[in-house]
Structures are given as structure tokens and as C-alpha cells.
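The structure appears below as C-alpha cells.
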Amino acid sequence: MVMSDRKLLKRVKRFGATNFESVKETAKRQADLLCRLRENGRDDPYIGLNDCRPDFCGLVRCSAGCWFNLRRRWLNGVFSAYKLFCHIPATHYEVRIIPQAWQRPSGKLGSMNIQSAKQFLRRRLDTRNGRQAIMIGSYKVGKEPYVDRWIGEIHALVGGIDKFGLRRALQVPFREADSYLYVNEISDLPNTLLEVLRPGERVWQPPYAAEPSKVPGKKQRAEYYRWLLCLESDERLLRYGCDRYFRPIAKTPRPIVAKVTKPRPNPYWLRPYRFGSHDDDCTCLVCRNRQD
């Protein structure tokens, strides 16, 4: 049985979270989505979005672009992830990964590859002794405020690993000027989880920015909504170290095998012809000149 949006919101409030989004704000986002689709001539394929409500879906299959669907999955993910991280005794860290390769020019947001970002995350943690980490996060996209481009990033909450090992496993090539890695210890778990899993269009800001995030323009929002409608419901959700039901997975430690240096090839068949390896009674030209 699927838990209603009202029950999920009550349970999230019990955790002490305060920065959740109200239903009225979600309704405004849904209205803006429908308005942008009408302006771009995309209203007919998603006409059922007009009937969507917090506890009712107007489509045959829920769309990843519906804000009521995003809100329900957001609260459900926060509720499940909070129960998971409460049983992890280690310190929790907020992580933001922004490589330069995840940037796309305006108008090319559809070419953003989320599966490549997930594969990047798994490979880094698997091969750099981060298998004991448990990570819950989401893939977010923001509009660059000064340049006409989109920036993709991984925003996640991590536990079960120390800060030094986490930075070593997730380090990005800092020779790229637009690459960032932000790892910070948290003290407020419920509100941090809400921010990590929060869906929404926004103007991208660096990890250490103190200004509140802004909303992109109408043209950028329309492109962002079209991109959302082409995704699966949980395609942007990232899970590592746990299954789809947010239960931890027991992993065996990765065996560390010392790499033996390969010996330099030795052409033994040329040994008789090397200088200095001739017999004492050799009569070749080089040996005769040396004896003289």
C-alpha cells in the first residue's frame, strides 16, 4: 500500500525537519510546468497533468516531470533514508561532485548522461577502497548564472566512511577550473536529507555560496521541464551500499593485490654478441684492438 502525501509529510515533520515544501508551492510549480508546455506546443501528449493532485495521478503512468509525483517520491525517499542513516553510527557527510565533463550548453540538456555519472560514482567507490560507504543522493542540474550552459552535479549524503577516505575515493581532476569536490560534516540530518533529495529547477551556485538559489528564466525552465518528462521516475536517484528498499548491503572487502613489477625483457639470444662478453681468446676486430 502506497503511503499518502499527507502521512509522509507528518512523518517527516516528526524527525525535526523544517525546510520542506508546502503543497501550495508544489501546485505553483505544476502550474508553471503546464504553462511552459503550452507555450512550446507540448500540452496534448501530457494533457492528464492538469488533473494531477497530491494524492491522485491523472496519467495512466506517473511521469517524472509531474511535481506532485516528484514531491511524493521526495518525501518517501527522505523517510526511508532517515531510517537507514539512523542505524549508521559513523559521522555523516554532505557531498557535492561537479566535474567539468558534466556540463552542457543551453539547448543540449537532453544529452546529459545520468547513467555515466552513476557509473563514475560506483567505479570510484569500488576501486578506491570506498566499498564500506553508504550513499543516498540525487543527480541535479542547474543553470549557470553568468554563462549560457547547464551544470550537472551529484548531491549526496554519505556515511560509514571517514572524510579522508571519502575525499580520496571521490576526488575529481582539479586541473579543470570548473570541477569541484565538496565534503562537509553535517549535524542536522533531517534537513540535510531534504536538501539532498529536493527536486527543483534552480540557478547553479558553487558549494560555498551563501546567497539563496534563484529560479532560471522561462526559456531555461521550459527546457528543464522537457528534460524531466523524458526521464524515468527514479532515474535521478542515487543509491550506493543499499538496495531499492534502502536496506544496507553487506559487501566483502575488496582484496588488495600488490602489483609485481614486470621484469624488463632480456634478449638472451644476443648475449654472445654483447660488448665485454667475449672469451679471452676471441680474435674479433674489437678484441684484437683492445689487446693491442
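What follows is calculated from the coordinates using simple rules that are stated; it is not laboratory data. Here the structure is a predicted model, which is why all the values come from computation and not from measurement. With ideal geometry, Cβ positions are generated from the backbone for all residues, glycine too; neighbour counts draw on all protein chains shown.
Taking amide H positions as placed 1.01 Å from N in the peptide plane, with prolines and chain starts having none, which residues 5 or more places from residue 204, or on another chain, fall under 5 Å of its amide H? Amide H to amide H, under 5 Å and 5 or more residues apart or across chains, residue 204 pairs with 143, 144. Of the options [x] 0.95; [y] 1.04; [z] 1.25, only one is Rg/Rh (Cα atoms, Kirkwood Rh) as computed from these coordinates, and that is [z]. Pairs with C-alpha atoms separated by more than 26 Å, drawn from the list 13/140; 108/214; 13/163; 108/163; 10/118; 140/163, are 13/163; 108/163; 10/118. Here the relative contact order of segment 5-240, from alpha carbon pairs under 8 Å that lie six or more residues apart, stands at 28 percent. Estimated from helices alone, the mean residue ellipticity of the chain at 222 nm is -10000 deg cm²/dmol (sum of -39500 (n - 2.57) over DSSP H runs with n ≥ 4, per residue). If only the Cβ of Lys and Arg carry +1 and only the Cβ of Asp and Glu carry -1, the dipole of the chain around its Cα centre is close to 580 debye. Ordering 164, 85 from the fewest to the most neighbouring beta carbons within 10 Å gives 164, 85. Here, segment 14-96 has an Rg and a Dmax of 16.4, 51 Å when only alpha carbons are counted.
Taking each of 28/218; 24/83; 83/251; 28/219 in turn, the alpha-carbon distance tops 23 angstrom for 24/83. As a proxy for reagent exposure, ranking 118, 262 by other Cβ atoms within 10 Å from fewest up yields 262, 118. Residues 125, 181 in ascending order of nearby Cβ atoms (within 10 Å, fewest first): 181, 125. Note on segment 67-207: percent of Cα-Cα distances in each 5 Å bin, starting at 0 and stopping at the bin with the largest distance, equals 2, 9, 19, 22, 21, 16, 9, 3, 0.
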